[in-house]
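The values are calculated or read from the model by the stated rules, or taken from the named source; none is laboratory data. All figures in this text were calculated on a predicted structure; none of them were measured in a lab. Counting neighbours? That spans all protein chains shown, and the Cβs are built from the backbone with ideal geometry, glycine included.
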Amino acid sequence: MFDNLSDKLDKALHVLKGHGQITEINVAETLKEVRRALLDADVNFKIAKEFTNKVKEEAMGQNVLTSLQPGQLMVKLVKDELTELMGGEAEGINLSGTPSVILMSGLQGSGKTTFSGKLANYLKTKKNKNPLLVACDVYRPAAIDQLHVVGDQIGVEVFSDRGNTDPVAISEAGIAYAKANGFNVVIIDTAGRLAVDKQMMNEIATIHKAIQPQETLFVVDAMTGQDAVNTAKSFNDILNFDGVILTKLDGDTRGGAAISIKSVVNKPIKFIGTGEKMDAIDVFYPARMAERILG
Ligand code: GDP
């Protein structure tokens, strides 16, 4: 479905080279291809435009048109810029607390519960931690069951309190339980809704304020494109979160939401979810994402 951008640009520039003088306008033409690739990958229009303007300046400065493979050089420029835009090197999560408390936020269906399990599994198997999962969705009993299923799969204990309708009290009890029982990481899975609403925002803000987590993560479905950006902004305005988790990158999405979200909230993307299984988690690498977005 997706043509190789490098080939497209090479062709475009070679054709132009064959027709006499190569000008700034020709570069602009090829940058249209770049912009189209970004838009196809679901990058916000304004961001794509700003981005190609920046690349254009770079391209003019680097004599792209006199090089042997102008298309490839152009793609390299674009990849480097994209990588920088998405945040340079991968960033880990803050595990400094005793226990370290990680608060998960995001809409219902974004993959929060699944990712809570994946993260617990990752910390247990790769970082030698002893995590506790805490179920704080007081509205959907099925969500509590789901977290227990996940916990059983990975051999991680789940703290829940089915009769309790106060997520702050459950979070606090979960943290106290972790302290008393030697858990060094607490991952709190919270209730999401299908769209941003005031009650959900108030609730997550209240939990956040009460427990003061070391790390607040925002989970978002990469397939939701532009909506993902608006949701990220709403949650960031309330929580000033520490990082983004981009899920469902195993689907056909090119993942342009990564660029848009990073540009809008300026928070690092820390992990990606690449499937439903507990080991389908990867640290986010901007350079790999740039390759994926450009195809
Ligand atoms: P929550 O409502 O935010 O807790 O979302 P869930 O964790 O229940 O996930 C919603 C659905 O998305 C479930 O069917 C998950 O199996 C699925 N899911 C979660 N993460 C991924 C992922 O990275 N890839 C795929 N393909 N599916 C995922």
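State the number of residues belonging to region 229-254 that are more than 13 Å from the ligand (Cβ to nearest atom) and of a type in the set (A, V, I, L, M).
Looking only at region 229-254, we keep the residues that are more than 13 Å from the ligand (Cβ to nearest atom), and these are 229-230, 232-234, 236-244, 254.
With the extra rule that they be of a type in the set (A, V, I, L, M), the set shrinks to 229, 232, 238-239, 244.
Residues that pass the stated criteria total 5.
In region 126-154, what residues are assigned to a loop (DSSP other than H, G, I, E, B) and either more than 11 Å from the ligand (Cβ to nearest atom) or crowded, with 22+ Cβ neighbours inside 10 Å (or both)?
Restricting attention to region 126-154, the residues satisfying the condition of being assigned to a loop (DSSP other than H, G, I, E, B) are 127-130, 137-140.
Within region 126-154, Lys127, Asn128, Lys129, Asn130, Val138, Tyr139 qualify.
Every residue in region 255-283 that is surrounded by fewer than 22 Cβ atoms within 10 Å (Cβ to Cβ), within 16 Å of the ligand (Cβ to nearest atom) and touching a residue at least 12 places away in the same chain (Cβ under 8 Å), please.
Lys270, Thr274, Gly275, Glu276, Met278, Asp279, Ala280, Ile281, Val283
So how many residues does region 179-203 have that are in contact with a Gly (Cβ under 9 Å, 6 or more places away or on another chain), in a helix (DSSP H, G or I) and in contact (Cβ under 8 Å) with a residue 40 or more places away in the chain?
Residues in region 179-203 being in contact with a Gly (Cβ under 9 Å, 6 or more places away or on another chain), in a helix (DSSP H, G or I) and in contact (Cβ under 8 Å) with a residue 40 or more places away in the chain: 0 in total.
What is the one condition in (1) crowded, with 23+ Cβ neighbours inside 10 Å; (2) of a type outside the set (Phe, Trp, Tyr); (3) in contact with a helix residue (DSSP H, G or I) (Cβ under 6 Å, 6 or more places away or on another chain) that Ile293 does not satisfy?
The failed condition is (3).
Taking region 155-178, which residues are surrounded by 14 or more Cβ atoms within 10 Å (Cβ to Cβ) and part of a helix (DSSP H, G or I)?
Those that are surrounded by 14 or more Cβ atoms within 10 Å (Cβ to Cβ) and part of a helix (DSSP H, G or I): Pro167, Val168, Ala169, Ile170, Ser171, Glu172, Ala173, Gly174, Ile175, Tyr177, Ala178.
On the basis of being more than 16 Å from the ligand (Cβ to nearest atom) and either farther than 25 Å from Leu194 by Cβ or modelled with pLDDT of 95 or more (or both), does Leu119 make the cut? Show your work before the answer.
Values: more than 16 Å from the ligand (Cβ to nearest atom): no; either farther than 25 Å from Leu194 by Cβ or modelled with pLDDT of 95 or more (or both): yes.
Criteria not met by Leu119.
Quick check on my filter: what residues within region 223-250 are among the charged types (D, E, K, R) and touching a residue at least 60 places away in the same chain (Cβ under 8 Å)? Outline the logic, then answer.
Our first condition is that a residue be among the charged types (D, E, K, R); within region 223-250, this holds for 227, 233, 237, 242, 248, 250.
Across region 223-250, the qualifying residues are Asp242, Lys248.
Taking region 82-111 on its own, how many of its residues are at positive phi and more than 16 Å from the ligand (Cβ to nearest atom)? Spell out how you get there, then give the answer.
Pass one, region 82-111, residues at positive phi: 87-88, 106, 109, 111.
When the remaining residues are screened for being more than 16 Å from the ligand (Cβ to nearest atom), the result is 87-88.
The qualifying residues number 2.
Picking from Thr231, Thr206, which residue would you name as being among the hydroxyl-bearing types (Ser, Thr, Tyr), outside any loop (DSSP other than H, G, I, E, B) and out of contact with any helix residue (DSSP H, G or I) (no Cβ under 7 Å at 6 or more places or on another chain)? Break it down stepwise before answering.
Values: Thr206 fails: out of contact with any helix residue (DSSP H, G or I) (no Cβ under 7 Å at 6 or more places or on another chain).
Exactly one residue qualifies, and that residue is Thr231.
Given the conditions (1) buried (at least 23 other Cβ atoms within 10 Å of the Cβ); (2) modelled with pLDDT of 95 or more; (3) over 13 Å from the mean Cα position of the chain (by Cα); (4) within 15 Å of the ligand (Cβ to nearest atom), report the number of the one that Pro213 does not fulfil.
So the condition that Pro213 fails would be (4).
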